[in-house]
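Please read the structure below before turning to the comments.
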Amino acid sequence: MVSDPTTAFAAAWHLVATGDRELYAVVALSLRVSLTALLIATVIGLPLGGALAVYRFPGRGAMIALFDTLMGLPPVVAGLAVYLLLSRAGPLGDYGLLFTPAAMIIAQTILITPIIAALTRQFVEDDWHAYREQLTSLGSGRGRAVPTLLWNCRYSLMTAVLAGLGRAMAEVGAILIVGGNIAGVTRTMTTAIALETSKGDLPFALGLGLVLMVLILTVNGIARLGGLMIQRAGAGYA
Amino acid sequence: MRDYASILPLQLEAVSYRADDCLLLDRIDARFRAGPRSLILGPNGAGKSLLLRICHGLVKPTGGTLCWAVARPHAQAMVFQNPVLLRRSVRANITYALALAGYSRRDRRRRAEQVLEEAGLAPRARHPAAVLSAGEKQKLVLARAWALRPEVLFLDEPTANLDPGATKVIEQTITAMHAAGVKIIMTTHDLGQARRLADEIFFLHRGKLREAGAAETFFTQPGTAEAAAFLRGELVI
C-alpha cells in the first residue's frame with residue numbers, strides 16, 4: 001500500500017504512462033456507458049426541452065417544475081429506482097439487465113435527461129420570446145419553430161450537453177447500485193476510485209482520477225474549440 | 001400582372017383590443033386598398049404597432065372584424081422595428097424564409113442570390129447575419145420580405161433605430177418595392193418620414209382612429225385638434 005501522496009502520484013503516473021490494461025479497461029467502459037447515456041439523453045432532451053419551450057398545454061408548468069427538480073435528483077435515488085425496476089421481482093426483471101452496463105446506461109440517462117431538457121427549455125424559451133412574431137409572420141408553426149430554435153441556440157445547447165456529460169462522467173452513486181462495481185464487467189472510473197481508495201490502493205485511484213480529469217478537460221476543450229472555430233469561420237451559418 | 005386574385009382590400013370594422021382593463025384600440029374602422037402607401041401615424045403609445053400586428057394576423061382583436069378580399073398564404077410579410085434575424089448566414093436567413101414559403105431548394109438559392117444582389121448584400125451572403133450593421137440588418141429583413149414576393153408589406157417603424165443615411169436607403173427600398181406593386185402599410189411617428197412616403201394617412205391617438213384620408217389633405221387641413229397639434233410638433237400624449 002502507498003500512503004505518501006508524492007509516491008502515490010508517481011505510481012499513478014507510471015500506471016497511466018505504461019498503459020495498464022486494467023486501468024484502460026475501466027476507462028473504456030466508463031466512456032462507453034457515459035457517452036451512450038449522453039447520446040440517448042441528448043436525443044430525448046433536446047426536442048423535449050424545445051417542445052416544452054414552444055408549446056402551451058395544461059400541465060406545462062408542472063412539467064417544467066418536475067424537470068427543474070429532477071436536475072437535482074440524487075444519484076442514489078435514481079439508482080434505487082432503476083434497481084427496483086430491473087431487479088428480478090421488478091417490472092423489467094425478466095430482461096436480466098441488473099448489474100450490466102445497460103443498467104448503468106439507463107440510470108445515467110435518467111439522471112442527465114432532465115438536465116439537458118431543462119437547460120434546453122430555458123435557452124429555447126428565451127429565443128422563442130424574441131423570435132415568435134417573426135417566425136409566425138414567415139409562416140412557421142410551433143412544430144417547425146422547435147428545430148429552427150434548437151439550431152439557433154446551438155452554441156448555448158452545447159453547454160447543456162456538456163453539463164449532462166459532466167454529470168454522467170462524475171456520477172458514482174447510481175451506477176454503483178445498478179452496476180454492482182463488478183471487475184471487468186461494470187467497474188467504471190468513479191466506482192473504481194471509490195473502491196480502491198477504501199482499499200488504500202491510492203496509485204490506482206489517483207491514476208483513474210488523473211485520466212478522468214484529463215478526459216473531461218479534453219472533451220470540454222474539443223467542444224469549446226470546435227464551437228469557436230465554427231463561429232469564426234462562419235461555416236456554421238452556411 | 002399578378003395571375004391570382006388580390007387579397008386587398010383589407011377591411012377593418014370596429015376592431016378593438018382590450019388588455020385587462022385597458023382599451024388599447026377602440027372600434028377602428030379602416031379600409032386598406034391596393035395602391036397607395038398607407039402610413040399609420042401617431043405618437044408613441046397610440047396603438048400603431050398593435051393595429052399593424054392585428055392586420056398581419058399576429059394578434060387577435062378582442063372585438064370587431066377584419067376581412068381580406070381573399071385568403072392566400074404568404075401574400076403578406078412584415079418587417080419589425082428591430083430586425084429579427086436567425087443566427088445563420090445572410091443568405092441562409094433568406095433561404096429559410098423561402099423554404100417556409102414552399103420554394104424548392106434550387107429556387108431558394110436562385111431567389112436568394114437575386115434579392116441579395118438587388119439589396120447590395122451579395123458580397124456579404126456568407127457572413128453571419130449577426131455581424132451586419134444596423135442598417136444592413138434592416139436591409140436584409142427587407143430583402144427577406146421582398147424575396148417572398150408579398151402583395152402586402154407591413155412595416156413597423158422600420159427606421160426608428162437608424163441614422164439618416166441608413167434611413168434614406170431603407171426609404172428608397174420601400175419606394176422601390178411600392179413601385180414594383182407591393183402594397184405598403186407602415187407605422188411611424190416621424191412626421192418627416194410620413195411626408196416623404198405617405199399617399200394616405202391613418203392618424204391614431206390613444207387607440208382611436210382620429211383621421212383617415214389622403215396625405216396631402218391631412219398635412220394641409222388636419223380635421224382634428226390632436227392631428228393639428230401633432231403636425232405643429234406639440235407634445236401630443
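The values are calculated or read from the model by the stated rules, or taken from the named source; none is laboratory data. It should be emphasised that the depicted structure is a prediction, and the values quoted were computed from it without experimental measurement. Ideal geometry is used to build each Cβ from the backbone, glycine not excepted, and the neighbour counts take in all protein chains shown.
General remarks:
- Residue tally, condition more than 21 Å from A:Asn152 (Cα to Cα) and touching a Gly at 6+ places or on another chain (Cβ under 9 Å), over the stretch B:103-138: 1
- Among the criteria (1) at pLDDT 85 or above; (2) surrounded by 15 or more Cβ atoms within 10 Å (Cβ to Cβ); (3) under 16 Å from the mean Cα position of the chain (by Cα), the one A:Thr218 does not fulfil is (2).
- Flag for B:Val115 being more than 8 Å from chain A (Cβ to nearest Cβ), in a loop (DSSP other than H, G, I, E, B) and more than 20 Å from A:Gly141 (Cα to Cα): no
- Entry remark, the stretch B:192-217: residues being surrounded by 15 or more Cβ atoms within 10 Å (Cβ to Cβ) and within 29 Å of B:Cys22 (Cβ to Cβ) number 16 in total.
- B:Ala229 vs. criteria free of Cβ contacts under 8 Å to residues at least 60 places away in the same chain, aliphatic (A, V, I, L, M) and more than 23 Å from B:Met78 (Cα to Cα): yes
- A:Ser140 among the small types (Gly, Ala, Ser), surrounded by fewer than 23 Cβ atoms within 10 Å (Cβ to Cβ) and more than 8 Å from chain B (Cβ to nearest Cβ): no
- Hits in the stretch B:118-142 - residues which are assigned to a helix (DSSP H, G or I) and touching a residue at least 40 places away in the same chain (Cβ under 8 Å): B:Ala119, B:Ala129, B:Ala130, B:Ala134, B:Lys137, B:Gln138, B:Leu140, B:Val141, B:Leu142
- Residue in the stretch B:119-130 that is more than 14 Å from chain A (Cβ to nearest Cβ) and under 30 Å from B:Cys22 (Cβ atoms) present: no
- For B:Leu85, the conditions (1) assigned to a loop (DSSP other than H, G, I, E, B); (2) of a type outside the set (Val, Ile, Thr); (3) out of contact with any helix residue (DSSP H, G or I) (no Cβ under 6 Å at 6 or more places or on another chain); (4) surrounded by 16 or more Cβ atoms within 10 Å (Cβ to Cβ) are fulfilled apart from (3).
- Any pair with Cβ under 8 angstrom, 6 or more apart, that starts in the stretch A:182-196 at a residue that is part of a helix (DSSP H, G or I) and ends at one that is among the β-branched types (Val, Ile, Thr) and surrounded by fewer than 22 Cβ atoms within 10 Å (Cβ to Cβ): A:Met189/A:Val27; A:Met189/A:Val211; A:Thr190/A:Val172; A:Thr191/A:Val172; A:Ile193/A:Val172; A:Ala194/A:Val172
- Taking (1) touching a Gly at 6+ places or on another chain (Cβ under 8 Å); (2) in a helix (DSSP H, G or I); (3) more than 14 Å from chain B (Cβ to nearest Cβ); (4) of a type in the set (A, V, I, L, M, F, W, C) in turn, A:Val124 satisfies each apart from (3).
- Any chance B:Leu142 is of a type in the set (A, V, I, L, M, F, W, C) and out of contact with any helix residue (DSSP H, G or I) (no Cβ under 6 Å at 6 or more places or on another chain): no
- Qualifying residue in the stretch B:61-68 (condition: under 23 Å from A:Arg144 (Cα atoms), more than 10 Å from chain A (Cβ to nearest Cβ), assigned to a loop (DSSP other than H, G, I, E, B) and touching a strand residue (DSSP E or B) at 6+ places or on another chain (Cβ under 9 Å)): no
- Residue tally, condition at negative phi and either assigned to a loop (DSSP other than H, G, I, E, B) or touching a strand residue (DSSP E or B) at 6+ places or on another chain (Cβ under 6 Å) (or both), over the stretch B:143-171: 15
- Condition check for A:Thr100: surrounded by fewer than 22 Cβ atoms within 10 Å (Cβ to Cβ), of a type outside the set (Gly, Ala, Ser), in contact with a helix residue (DSSP H, G or I) (Cβ under 8 Å, 6 or more places away or on another chain) and touching a residue at least 40 places away in the same chain (Cβ under 8 Å): yes
- Any hit, the stretch B:218-234, residues being buried (at least 21 other Cβ atoms within 10 Å of the Cβ), on the phi > 0 side of the Ramachandran plot and not hydrophobic (A, V, I, L, M, F, W, C): no
- Residue within the stretch A:148-163 that is more than 19 Å from the chain's Cα centre (by Cα) and more than 14 Å from every other protein chain (Cβ to nearest Cβ) present: no
- Count of the stretch A:14-58 residues which are over 27 Å from A:Ile193 (Cβ atoms) and surrounded by fewer than 17 Cβ atoms within 10 Å (Cβ to Cβ): 7
- Filtering the stretch B:69-94 to residues that are at the interface with chain A (Cβ under 10 Å from one of its Cβ atoms), under 20 Å from A:Asp127 (Cβ atoms) and over 13 Å from the mean Cα position of the chain (by Cα) leaves B:Val84, B:Leu85, B:Leu86, B:Arg87, B:Arg88, B:Ser89, B:Val90, B:Ala92, B:Asn93.
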